[in-house]
1. Being surrounded by fewer than 15 Cβ atoms within 10 Å (Cβ to Cβ) and small (Gly, Ala, Ser) is the filter; apply it to segment 30-55 and report the residue that is farthest from Glu72 (Cα to Cα).
2. In the set Gly77, Gly126, Gly133, which member is among the small types (Gly, Ala, Ser), surrounded by 10 or more Cβ atoms within 10 Å (Cβ to Cβ) and within 30 Å of Ile37 (Cα to Cα)?
3. Looking at segment 101-111, which of the residues that are open to solvent by 60 Å² or more (accessible area, probe 1.4 Å) and in contact (Cβ under 8 Å) with a residue 24 or more places away in the chain is farthest from Lys38 (Cα to Cα)?
4. Of these, Ser114, Ser107, Ser53, which one is of a type in the set (Ser, Thr, Tyr) and in a helix (DSSP H, G or I)?
5. Of all residues in segment 6-20, count the ones that are in contact with a helix residue (DSSP H, G or I) (Cβ under 6 Å, 6 or more places away or on another chain) and in contact (Cβ under 8 Å) with a residue 24 or more places away in the chain.
6. What single numbered condition from (1) of a type outside the set (Ser, Thr, Tyr); (2) touching a Leu at 6+ places or on another chain (Cβ under 8 Å); (3) under 30 Å from Thr137 (Cβ atoms); (4) open to solvent by 100 Å² or more (accessible area, probe 1.4 Å) fails to hold for Glu91?
7. Regarding segment 56-66, can at least one residue be identified that is at pLDDT 90 or above, open to solvent by 50 Å² or more (accessible area, probe 1.4 Å) and aliphatic (A, V, I, L, M)?
8. Give just the number: which of (1) at negative phi; (2) open to solvent by 70 Å² or more (accessible area, probe 1.4 Å) does Arg121 not satisfy?
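The values are calculated or read from the model by the stated rules, or taken from the named source; none is laboratory data. Bear in mind the structure is a predicted one, so any value in this text is a computation, not a measurement. Cβ placement follows ideal geometry from the backbone for every residue including glycine, while neighbour counts extend to all protein chains displayed. Areas reflect the complete protein model, heavy atoms only, side chains present, ligands, DNA and RNA absent. Shrake-Rupley method; radii C 1.70, N 1.55, O 1.52, S 1.80 Å.
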Amino acid sequence: TVKEKQELLKLALDWSETEKVTVSESPLVRDSVKNRIKSRNGSIESYLRDSGSLAKNRLLSRADVLALAEIEIAYEGYVKRHHEQIARLKEHESKEIPIDFNFLTLSSISNEASEVFSKVRPRTIGQATRLPGVTPTDAAILMSAIRVKQSVPRGTI
């Protein structure tokens, strides 16, 4: 079942984080299985086979779960960054764009985004990010320009 698979995946990931293996005898260096897999020094299956873990047999019987665990470990950094980007976008979703904001001053955005912004005149960052032709980079540049504009005292721009 899906629930069982999720539980086994969590078990495998927790095990890979807490299980230590000897990397070097002299000097004694130990590292987590997770870090060894990240640096492409072995597979979760090979480390499980050498382990005395109680979960060993349960996990070794599920090659699909072990494959998922290795993928999760390999892409963990990318997924974390993606979640951080999503959180930042959600944070700025309702941030209003000043009525007098001149979209044509954004020289680093794509021509298509510049035209769409000028035509539609989105009221919030969220609206701007959902317009056709607007890339994540365009949205980031827009957010940055708004932040700069709001931090500069009136009459100095």
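1. Here the answer is Gly52.
2. Working: Gly126 fails: within 30 Å of Ile37 (Cα to Cα); Gly133 fails: within 30 Å of Ile37 (Cα to Cα).
Of the residues listed, the single one that is among the small types (Gly, Ala, Ser), surrounded by 10 or more Cβ atoms within 10 Å (Cβ to Cβ) and within 30 Å of Ile37 (Cα to Cα) is Gly77.
3. Residues of segment 101-111 that are open to solvent by 60 Å² or more (accessible area, probe 1.4 Å), as a first pass: 102, 104-105, 107-108, 111.
Applying the additional criterion that residues be in contact (Cβ under 8 Å) with a residue 24 or more places away in the chain yields 105, 108.
Details: Thr105: 44, Ser108: 36 Å.
Checked segment 101-111; the qualifying residue farthest from Lys38 (Cα to Cα) is Thr105.
4. Working: Ser107 fails: in a helix (DSSP H, G or I); Ser53 fails: in a helix (DSSP H, G or I).
Within the list Ser114, Ser107, Ser53, the selection yields Ser114.
5. As a first pass, look at segment 6-20 and keep what is in contact with a helix residue (DSSP H, G or I) (Cβ under 6 Å, 6 or more places away or on another chain): 8-9, 12-13, 16-17, 19.
Retained after the next criterion (residues that are in contact (Cβ under 8 Å) with a residue 24 or more places away in the chain): 8-9, 12-13, 16, 19.
Final tally of qualifying residues: 6.
6. (2)
7. yes
8. (1)
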